[in-house]
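For reference, the structure discussed in these notes is given below.
The values are calculated or read from the model by the stated rules, or taken from the named source; none is laboratory data. All of these numbers come straight from a predicted model, not from anything done at the bench. Because the Cβ atoms are built from the backbone with ideal geometry, glycine has one as well, and the counts that use them run over all protein chains shown. What goes into the accessible areas is simple: the full protein's heavy atoms, side chains included, and nothing from ligands, DNA or RNA. Shrake-Rupley method; radii C 1.70, N 1.55, O 1.52, S 1.80 Å.
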Amino acid sequence: NGAAICLLDANLAPETMEWIGDNVTSPLFGVTVSTIKANHFLAILNKMSVLKPNAIEAGKLSGIDIHDSASAEDGAAWLMDKGVKTVYISLGVEGILCASRTSGAEEMVHVPPYPTTIATANGAGDTGMAAITWSYFDDPNRPIREVGRIAQAASSIALECTRAVPDIDVQKIRKKMSAPLMVA
């Protein structure tokens, strides 16, 4: 409970997730992992500070067919209606939808991807979530658009790497962020 952030992934059993939701007071961040395991978050959506599903996983949770930015906004709104404060929905080559609802104010922004030469897609979503978590740890008041840019830069670096774990650090993320984003 003294941690700045408690990061969960859906590999945890639903009972474990519920216990954490009921007993942990640190901000809860979550990554859904897969369409089969995403529903492990259902019982604690109202306890989540940040959730990062991909489009298919967000669709599985919300029951909404997410196939573009507009339907991603519908899925994010559904998740926020259930109590998630901030949602980042990975949309693959379409970028990331960043959505937040705090104190009654709602914000949704779409951040396109950076130009990327894809070597492998393995780990790109996890790297993006790691960057989101680091971003909040570094500056909890960072605007969601900037967090989305950081996540997109980190994911791009992971996509370009042929190793299982990308060699990534803050300087590499900042360098990637100096490139222009792709235009939709």
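For residues in segment 36-55 being β-branched (Val, Ile, Thr) and over 13 Å from the mean Cα position of the chain (by Cα), which is farthest from residue 10 (Cα to Cα)?
44
Going by the conditions given, is residue 122 in a loop (DSSP other than H, G, I, E, B), open to solvent by 60 Å² or more (accessible area, probe 1.4 Å), polar (S, T, N, Q) and under 25 Å from residue 21 (Cα atoms)?
Here the answer is no, as residue 122 does not meet what is asked.
Residue 147 fails exactly one of the following numbered conditions: (1) in a loop (DSSP other than H, G, I, E, B); (2) open to solvent by less than 40 Å² (accessible area, probe 1.4 Å). What is the number of that condition?
(1)
Which one of 156, 135 is among the small types (Gly, Ala, Ser) and over 21 Å from residue 8 (Cα atoms)?
Within the list 156, 135, the selection yields 156.
Residue 110 is checked against (1) open to solvent by 20 Å² or more (accessible area, probe 1.4 Å); (2) modelled with pLDDT under 95; (3) not hydrophobic (A, V, I, L, M, F, W, C) and fails just one. What number does that condition carry?
Here residue 110 meets the rest and fails (2).
Got a sec? Which of 72, 58, 10 is within 12 Å of the chain's Cα centre (by Cα), closer than 17 Å to residue 125 by Cα and buried (at least 20 other Cβ atoms within 10 Å of the Cβ)?
Criteria check complete, one pass: 58.
Taking segment 92-121, which residues are of a type in the set (S, T, N, Q) and in contact (Cβ under 8 Å) with a residue 40 or more places away in the chain?
Selection gives 100, 116, 117, 120.
Being assigned to a helix (DSSP H, G or I) and either surrounded by fewer than 14 Cβ atoms within 10 Å (Cβ to Cβ) or among the charged types (D, E, K, R) (or both) is the filter here, so list the residues in segment 158-184 that pass it.
If the condition is that a residue be assigned to a helix (DSSP H, G or I) and either surrounded by fewer than 14 Cβ atoms within 10 Å (Cβ to Cβ) or among the charged types (D, E, K, R) (or both), then 160, 170, 171, 172, 174, 175, 176 are the ones that fit.
Restricting attention to segment 45-66, does a residue exist that is modelled with pLDDT of 95 or more, farther than 25 Å from residue 95 by Cβ and not charged (D, E, K, R)?
Yes, there is a match, as at least one residue in segment 45-66 is modelled with pLDDT of 95 or more, farther than 25 Å from residue 95 by Cβ and not charged (D, E, K, R).
Out of 89, 44, I need the residue that is open to solvent by less than 20 Å² (accessible area, probe 1.4 Å) and under 30 Å from residue 178 (Cβ atoms). Which one?
Just one listed residue meets the conditions, 89.
Any idea which of (1) touching a Phe, Trp or Tyr at 6+ places or on another chain (Cβ under 6 Å); (2) open to solvent by less than 30 Å² (accessible area, probe 1.4 Å); (3) touching a residue at least 60 places away in the same chain (Cβ under 8 Å) is the one residue 155 doesn't satisfy?
It is condition (1) that residue 155 fails.
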